[in-house]
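All remarks here apply to the structure that follows.
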Amino acid sequence: MTETLFHGGRVLTPGGFAEAALVRDGVIAAVGATDEVATPAAEPFDLAGGLLTPGFTDSHVHPVQAGLERALCELSEVYGLDAYLQEIAEYAAAHPDREWIQGGGWDMAAFPGGLPRREQLDFLDRPAYLIQRDHHAAWVNTRALERAGITKDTPDPADGRIERDPDGTPTGVLHEGAMDLVGLLTPRPTAADQEAALLDAQRHLFSLGITGWQDAIVGSYAGSDDQLPTYLSVAGRGLLKARVVAALWWDRTRGAEQIPSLVERRASAAGLERFRAGAVKIMQDGIAENFTAAVIEPYCQPDLKSRDEIGCHCGGTGLSYVDPELLKGYVRELDALGFQVHFHAIGERAVREVLDSLEGTDPANRHHVAHLQIITPDDVPRFAKLGAVANLQPLWAAHSPQMDELTLPYLGEPRSSWQYPFGDLVASGARLAAGSDWPVSSADPLEGMHVAVNRVEPPGSHHAGHSAQPFLPGQALDLRTIMTAYTEGSAWLNGSPAGVIEPGRPADLVVLDRDPFAQPAEEIALTRVRATFIDGDQVF
């Protein structure tokens with residue numbers, strides 16, 4: 001028998017705070033006053049004035065993709081065209097044997113109108129394919145367009161768009177489904193590459209206190225490879241320590257005929273201790289910044305010539321990737337088979353379409369809607385009514401160049417004021433979960449909590465000095481509410497027994513270097529993880 005006593009700080013419990021927690025053989029044995037829960041055999045762990053919390057669960061993340069990108073040309077740690085070109089040039093010089101320059105992480109806000117150009121990459125001696133930070137577009141050079149045979153005569157795919165000059169010439173940006181026109185030509189990562197990427201990502205997530213997650217795309221999408229074999233291999237060898245659920249990708253070019261294969265894919269994970277494949281990911285729309293988010297009223301058309309000149313497609317209403325009427329039938333069938341449905345919905349029309357599809361489904365399947373950038377006031381109460389979980393990515397609910405320059409002018413009022421309505425969701429009784437969408441944005445839960453509470457960018461972000469004005473501050477959450485979403489809420493969503501510090505629960509725990517509840521709200525993001533435990537074993 002092994003025992004550990006966590007003491008010397010505070011312990012976050014469902015009812016408040018305690019002085020100490022005793023862990024015995026990987027399970028929380030007691031919580032309370034130090035002298036009440038201590039035993040002679042317990043090894044002490046001094047919290048040193050910090051906070052002990054449940055392990056964080058990221059309810060929407062892409063670890064394998066993130067791990068692969070960390071091994072390629074990584075642009076997310078720098079900002080601006082000059083910095084991007086320097087990183088790309090250095091990567092190309094360091095890897096002369098690679099047929100393609102691959103990577104990503106560039107920010108739309110770094111470019112006029114949000115769009116880079118192919119000529120900026122034409123200094124390279126080989127084709128380039130660089131995925132945008134949000135993973136809804138790719139920046140390619142002329143060599144890549146030529147390799148793919150993309151010309152002014154190439155039609156747009158049904159689920160995407162080739163950005164073009166006024167004469168129809170491709171500019172070097174491929175949106176949504178058009179990414180595959182080039183992405184599918186790039187060299188594929190090997191099985192060993194993908195497994196190394198997953199293990200690298202797991203180490204990184206452990207360092208941030210994340211002990212479980214839901215992988216939001218497990219399948220082939222936008223040039224990526226199916227990651228289910230990677231998870232099965234790593235979990236089967238006991239190397240997956242986190243508690244993981246896979247959201248199996250719904251191929252939007254197909255219909256209900258793919259459901260039997262999803263059942264088979266789910267069954268392939270049966271019996272694995274740390275991994276289940278019981279969710280299905282349906283991506284209903286795109287993003288607002290490239291006008292593919294599905295909205296009810298057309299996007300506004302402000303007088304911004306620079307964006308119009310580079311192919312602004314505002315004035316439309318975005319894309320619904322799955323026909324809303326067909327979606328209802330697909331969701332009913334998945335629900336009847338016991339699948340959890342994990343939706344991507346950014347625009348208010350997409351949110352309404354997925355809520356409509358959940359009418360009459362079983363809340364016990366824990367269906368959830370991720371991102372939720374825009375929700376009409378009429379649809380906010382439907383989350384609680386339908387038992388649909390609001391899966392928040394709070395890091396985006398702040399003023400940034402992308403929000404202020406590429407989103408707000410095109411949404412208009414009152415739609416702009418409907419964005420990220422976290423407070424309204426809580427007031428209406430909705431259940432919350434929270435995640436990051438890493439590598440789209442930082443995986444750090446404490447940065448997400450900082451934004452949810454303060455509604456401003458966290459210190460240290462590329463745009464932290466952009467605006468001190470909180471973004472729709474009436475929608476802010478208190479720290480306990482958002483931390484509960486990252487712990488108990490997301491663990492419940494995943495069907496995990498962890499997420500709460502109380503006797504009988506697995507000892508998935510995080511030691512923070514300070515108590516953010518005792519610090520000013522504007523310092524939440526300065527909190528760091530000292531240690532992470534899963535089943536009482538220290539993994540970071």
- prompt: So which residues in the range 235-257 are surrounded by 18 or more Cβ atoms within 10 Å (Cβ to Cβ) and either outside any loop (DSSP other than H, G, I, E, B) or touching a Pro at 6+ places or on another chain (Cβ under 6 Å) (or both)?
  reply: Ala235, Arg243, Val244, Val245, Ala246, Ala247, Leu248, Trp249
task: Check Ser467, Ser490 and return the single one that is closer than 26 Å to Ala388 by Cα and of a type in the set (S, T, N, Q).
output: Ser490
- request: Consider only pairs whose beta carbons are under 9 Å apart and that are at least six residues apart or on different chains; among these, list those whose first residue lies in the range 235-263 and is at positive phi and whose second residue is part of a loop (DSSP other than H, G, I, E, B).
  value: Gly238/Glu273; Gly238/Arg274
- request: Tell me, please, whether a residue that is hydroxyl-bearing (Ser, Thr, Tyr), modelled with pLDDT of 95 or more, closer than 21 Å to Leu85 by Cβ and out of contact with any Lys or Arg (no Cβ under 8 Å at 6 or more places or on another chain) can be found in the range 127-144.
  value: yes
- prompt: Which helices (runs of 4 or more DSSP H) does the range 443-537 wholly contain that include 1 or more residues that are surrounded by fewer than 19 Cβ atoms within 10 Å (Cβ to Cβ)?
  reply: 479-484
field: Total residues in the range 269-322, condition at pLDDT 95 or above, among the small types (Gly, Ala, Ser) and over 29 Å from Trp249 (Cβ atoms)
entry: 0
query: Which of the residues belonging to the range 27-40 are within 15 Å of Phe533 (Cα to Cα) and surrounded by fewer than 16 Cβ atoms within 10 Å (Cβ to Cβ)?
result: Val27
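One line per residue, one yes/no per condition, for (1) aliphatic (A, V, I, L, M); (2) assigned to a helix (DSSP H, G or I); (3) touching a residue at least 12 places away in the same chain (Cβ under 8 Å):
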residue	(1), (2), (3)
His60	no, no, yes
Gly67	no, yes, yes
Tyr79	no, no, yes
Ala92	yes, yes, yes
Leu130	yes, no, yes
- request: Quickly run through the range 405-439 and pick out the residues that are farther than 21 Å from Thr487 by Cα and part of a loop (DSSP other than H, G, I, E, B).
  value: Thr407, Gly412, Glu413, Pro414
- line: Glu43 meets each of (1) under 30 Å from Ala507 (Cβ atoms); (2) surrounded by 15 or more Cβ atoms within 10 Å (Cβ to Cβ); (3) touching a residue at least 40 places away in the same chain (Cβ under 8 Å) with one exception, condition (2)
query: Any residue in the range 136-152 that is farther than 30 Å from Asp404 by Cβ, out of contact with any helix residue (DSSP H, G or I) (no Cβ under 9 Å at 6 or more places or on another chain) and surrounded by fewer than 18 Cβ atoms within 10 Å (Cβ to Cβ)?
result: yes
query: Do you know which of the residues in the range 15-52 that are in a loop (DSSP other than H, G, I, E, B) and among the charged types (D, E, K, R) is nearest to Ile501 (Cα to Cα)?
result: Glu19
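The values are calculated or read from the model by the stated rules, or taken from the named source; none is laboratory data. Note that the coordinates shown come from a computational prediction; the quantities given were computed from them, not determined experimentally. Cβ coordinates were reconstructed from backbone atoms using ideal geometry, including for glycine residues, and neighbour counts include every protein chain displayed.
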